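K.L.:
Before I ask anything, let me first share the structure, which is written out below as structure tokens.
The values are calculated or read from the model by the stated rules, or taken from the named source; none is laboratory data. The structure displayed is predicted, hence computed values, not measured ones. Virtual Cβ from ideal backbone geometry, glycine too; neighbours counted across all protein chains shown. Quick note on the areas: whole protein, heavy atoms, side chains included, nothing else; ligands and nucleic acids left out. Shrake-Rupley method; radii C 1.70, N 1.55, O 1.52, S 1.80 Å.
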Amino acid sequence: MSALSAWVRRSWHRIVTARDWSADRRSQAVAAAAAILLLLAMIALLVGKATAPHPAKPPRTGGGVEGPAQATVPAAPAERSPRVAVVPATSAPTGPPPAVATSAPSAATTGPQLTARTRTEDLTLTSYRVTVTIANPSTAPSTDWTVVIVLPLLDLTVRDVDGAVMSRTGLKVIFTPVDSTRTIRNGGSVTFRFEVEGLGVRSTLLDCTIDGRPCTQVSG
């Protein structure tokens, strides 16, 4: 290719510098040389495209060779589920169902029904003492009890509790036993005391219950 280009340049130089050529002949030579140069340029362009390195194509993903769509294979017939044997109703055992043994609640579960008696006595113009006697008239010993007393509105303070544990919510005072008054033998009794300080109706309790049953109130 370089040798051909050199030859074309030399020929072009001769055509231009030739003095004995006529003007008509010289123009024809120039046109032929231009056509040759254009042809050379097109050849060089084609050769360059043919020899230029091509970038590598991206790797194929999915694998396999393109081709016709895969044929759909008919599904295998579903397996039949095993039949469950049906037992005729006549084969069921006859007769009444077995009875469940039930026992009546014993006296130990419910516990003895205790009684309580309250007695009030004046101490000062603004205080009084309450004595509560709890009796067990049953034939079995008792191992626990709860006494709930409701005080008048203006009786604000409960103090000096003896023989019980006190907890209070508003006007309601709850007493539970200590170790020495917890167990009450059959036919026996225990006693606890407390004092009330306030400005309400003295020596009068609004309510008293022993294990949910009303107490007996006695004025001192």
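K.L.:
Work out, step by step, the length gained on full extension between Val178 and Arg129: first 0.36 nm times the residue separation, then minus their alpha carbon distance; give nm to one decimal. Show your work: numbers first, answer last.
P.N.:
Numbers: separation 49, 0.36 × 49 = 17.64 nm, distance 1.94 nm.
Contour length minus the Cα-Cα distance gives 15.7 nm.
K.L.:
With a cap of 14 neighbouring Cβ atoms within 10 Å, and only residues DSSP puts in a loop, list the trypsin sites (Lys or Arg not before Pro) found in the range 172-213. Walk me through the numbers before you get to the answer.
P.N.:
Values: sites: Lys172, Arg182, Arg185, Arg193, Arg202; in loops: Arg185, Arg202.
Here the trypsin sites (Lys or Arg not before Pro) that fit, given the DSSP loop and packing criteria, are Arg185.
K.L.:
For the range 125-189, what does the accessible surface come to per residue with a 1.4 Å probe? Please give it in Å². Don't skip to the end; give the middle numbers.
P.N.:
On the way: 3380 Å² over 65 residues.
Ligands and nucleic acids excluded, the result is 52 Å² per residue.
K.L.:
Taking all protein chains in place and a 1.4 Å probe, what share, in percent, of the accessible surface of the range 153-199 do carbon and sulfur account for? Before the final figure, lay out each step's value.
P.N.:
Working: 1420 of 2750 Å².
Within the range 153-199, the accessible surface is 52 percent carbon and sulfur.
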